[in-house]
Each structure stands twice: as structure tokens, then as C-alpha cells.
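Below is one structure; the comments refer to it alone.
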Amino acid sequence: MTPELLGTGDPRWDEFVDGSPTPDVYYRSGYCAAYEAVGHGRAVAVVTEGALYPLLLRPLPFGEDGFDAATPYGYGGVLSTEPSASADVRQLRDWCATNGVVSCLLRLHPLLGGSEQLSQIDEGELDIRDHGPTTAVDPRRIDPDTGRLEGMSKGRKADLTVARRALQLVWGNGDEALERFRQVYDVTMKRLGAGEFYVFPAEYYRRLAAGLGERLGIALAIRDDDVVGGALFLADESFAHYHLSGATDVGRELKAGTLLVHAGAEWAREHGCELLHLGGGTSGEDSLFAFKKSFGGETYNYSFATVVADRARYDELVARRDEKEESPRPGFFPAYRA
């Protein structure tokens, strides 16, 4: 099969996703289109024999002709489109080499097997890198008597009790709810000193909502008519995902984060999902991962694959980067970008 390139307006993109053994929101055109809309690159799906790769094509730096590619933020690296099949990544590498794509970063889906999704790996052309653990809870384990997820830590149970007494949980929809969420999220990112990559303009949220429809959930924690916390959740047939979240100082004091995650589990159960993927930390088993793990879920491994399709051009670009005063952090891929 000759690989095909599909744009976000091509209905075959989501037809491939729907026809796969495990459709997931990270592979859908509507999810990827939100990143295209805010300048992260041109959203495309490369379809090879037995696999679909949702990618953002980005012009090379330094005014060079050509591109590199990366999975949009999240875990949509490679989707097997046939049962019990792993992806022959050589087909993607060859497509990249033929189409002027120097390198490619694939963020692999922890719930779908991670690096086990890939086969036919040529040493030196593809590198698998472990990033750290993620965790997911089974939303069907909500005890009907207590209304709580089974397996939560003692501290998390106590925080949920505090939050339920102090806060109102509201599921919103439309531009107003997204804007109220965005204000809280942006304040949170500023407090944490997060990079620009993690701060999204209003257009991102509008495109995400338009592209995903009912697959997007907007949870808001309210105190005296003020939004003190919020979270976005994504859902597909089998899995839901905890996407973005934030809380004000008042929200943190009143344990809004615990309330929102637990509400996300209830929402995932209503959508018939087997797991709510909470994700991992910012740097391995840090405090953020410990918070997510305290909900009692199973642990999975998140890794990513790096493909160099044109080694000579890659090395030339790295040399150009080394001429600059600033260098990327160790392990950054591709190494020619800041």
C-alpha cells in the first residue's frame, strides 16, 4: 500500500478511526484541527498499511526547505487500523524521506500498548524513549452507596468530602463555559510558570469544541457564583481522558482538583468508557503524578518514538542550531529546535 496523506477536511480520516479496533479521540481530525488552528503546524493523517499517524507538519527552522512532524499534544502517536496488528514504522519513515520530512516525533498511547504498537524497527533510525508513568482509573468502580471511586487514598476521600460540601460542580457547554474555564486555566499556568506551549488562545477552545462536539466535557467548580476550578475531559468509545485543568487559590484550598477528577470519572462512566486516563506528571513520578495516582488507578508507561528520515539533513540542522547561543535541553527532539 502506498501511504496516503489526508487533511482534516477529508471524511476518510475519521472513517479510518471509527473502523479501527480501538477508536480514540486523540486520533480524530477534530482534535488535531484545534492545534492547526493555533499555529502548531498543518494537521494531517498519514495512512499506511495497517496504521494511521495523526501529525502536525511544521516548516523547518533557519528558512530551510522541508518539514518535520510531531504528534499533537497528547497521546495519539499511532493507531492500528487492523486487529492484532502492529505498525510497520518503516513505511512512515519512507513516506517522510520521500516528502521532505526530516524527522518525526510520535507520542505513543499508554493504554494501547505504547512502543508495542510498533514493529519493524531499524536500529539507529527509530529511538524509543521512556518519559514516565501515567495512570488510569476504571469509572465503573464508583461505589453506588458512597458515590466514591473504590481504591482512593484516605486523603483523597477526605478532600472529596471537603470539596463536595464547599463547591458546586457544573457541566457547561458553549463559548461562555469555555471562556470561564480558560480564565482559570491561564491563571494556573501563570502561577506554575508554564511555557507558552501550554497556554492556548480562545480559538483553540472554539475549534476543539467544534471538532469534538459531545466528546468534549467542560467541568466547572463554583463557589459563590465564581469559577474556582475547571477541567476539560475527552471521551471516545473505550477511553476518556483528563485533558486540561486549573484552579484558583480558593479552589486549591477547597480541593477543587479532587472534585473535578472524580466528576470526570462519573462523566466517563456515563459515556460508557472503560477507563479514564489521568495522564502522568510533568517529570516522572512527581507530585502531580502522586495526586493522580491517589485515585487508585492502574499504572501505565508513557514513551515516545523519534524517527530520523534524513540523517544528513538532520545533522546539518543540528550544526546550525549549535551556532546559536541557546541550546535545547538535553534529550530534546528534534535537537535543532529550541
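The values are calculated or read from the model by the stated rules, or taken from the named source; none is laboratory data. What you see is a predicted model; the values in this text were computed from it and never measured. For neighbour counting, all protein chains shown are included, and Cβ atoms are generated from backbone atoms with ideal geometry for every residue, glycine included. Just the protein is used for accessible areas: all its heavy atoms, side chains included, with ligands, DNA and RNA removed. Shrake-Rupley method; radii C 1.70, N 1.55, O 1.52, S 1.80 Å.
Summary of computed values
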| quantity | calculated |
| --- | --- |
| Computed [θ] at 222 nm, helices only, for the chain once each DSSP H run of length n ≥ 4 contributes -39500 (n - 2.57) | -9500 deg cm²/dmol |
| Amide H contacts of LEU149 (H built 1.01 Å from N, under 5 Å, at least 5 apart or other chain) | ASP143 |
| Sites LYS324 and ASP94, calculated FRET efficiency, Cβ-Cβ separation with R0 25 Å, nearest 0.05 | 0.20 |
| Aspartates and glutamates whose Cα lies under 16 Å from that of LYS293, excluding same-chain neighbours fewer than 8 positions away | ASP138, GLU150, ASP159, GLU285 |
| Cα-derived Rg to Rh of segment 124-196, Kirkwood definition | 1.10 |
| Neighbourhood charge, 14 Å Cβ-Cβ cut-off, centred on TYR204 and excluding it, Lys, Arg +1 and Asp, Glu -1 | -3 |
| Theoretical gain in end-to-end length, ASP143 to ALA290 [0.36 nm per residue, Cα-Cα removed] | 50.7 nm |
| The chain: antiparallel DSSP beta bridges as a percent of all, rounded to 5 | 90 percent |
| Percent accessible area from carbon and sulfur atoms, the chain, protein chains only, probe 1.4 Å | 45 percent |
| Extended-chain gain in nm, criterion 0.36 nm per residue less alpha-carbon gap, VAL250 and ALA210 | 11.3 nm |
| Protection proxy ranking, peptides 241-254, 279-292, average beta carbon neighbours within 10 Å, highest first | 241-254, 279-292 |
| Per residue accessible area in Å² of the chain, where ligands, DNA and RNA are left out and the probe is 1.4 Å | 45 Å² |
| Area accessible to solvent at GLU274, 1.4 Å probe radius, in Å² | 80 Å² |
| The chain, relative contact order in percent, only Cα pairs under 8 angstrom and at least six apart counted | 22 percent |
| Residues in segment 85-101 that a label on GLU316 would reach, taking backbone N under 16 Å of a point 7 Å out along Cα→Cβ | 97-101 |
| For HIS277, net neighbour charge (Lys/Arg +1, Asp/Glu -1) across residues whose Cβ lies under 12 Å away | -4 |
| Among (i) 52.2, 213; (ii) 20.3, 64; (iii) 28.6, 99, the entry that matches Rg and Dmax of the Cα atoms in Å as calculated here | (ii) |
| Calculated FRET efficiency for the pair VAL38/GLU237, C-beta based, R₀ 30 Å, to 0.05 | 0.65 |
| Cα-based reach from LYS292 at 30 Å (exclusive), listing lysines while leaving out same-chain residues under 8 positions away | LYS154, LYS157, LYS190, LYS255 |
| ³J(HN,Hα) computed for each position of segment 220-233 - Karplus, 6.51 cos²θ - 1.76 cosθ + 1.60, integer Hz, glycine/proline x | 10, 9, 10, 9, 6, 6, 9, 7, 10, x, x, 8, 10, 10 |
| Choice from PRO23, PRO54, PRO201 with maximal GNM fluctuation in the chain (Cα, 10 Å cutoff) | PRO201 |
| Value of relative contact order over segment 199-338, rounded to a whole percent, pairs C-alpha under 8 Å and six or more apart | 14 percent |
| Cα shape, segment 174-277, gyration tensor, a/c 1.5 rule | oblate |
| Net charge of neighbours whose Cβ lies under 12 Å from the Cβ of GLU49, counting Lys and Arg as +1 and Asp and Glu as -1 | -3 |
| Label point distance in nm, ALA338-TRP171, each placed 7 Å from Cα along Cα→Cβ | 4.3 nm |
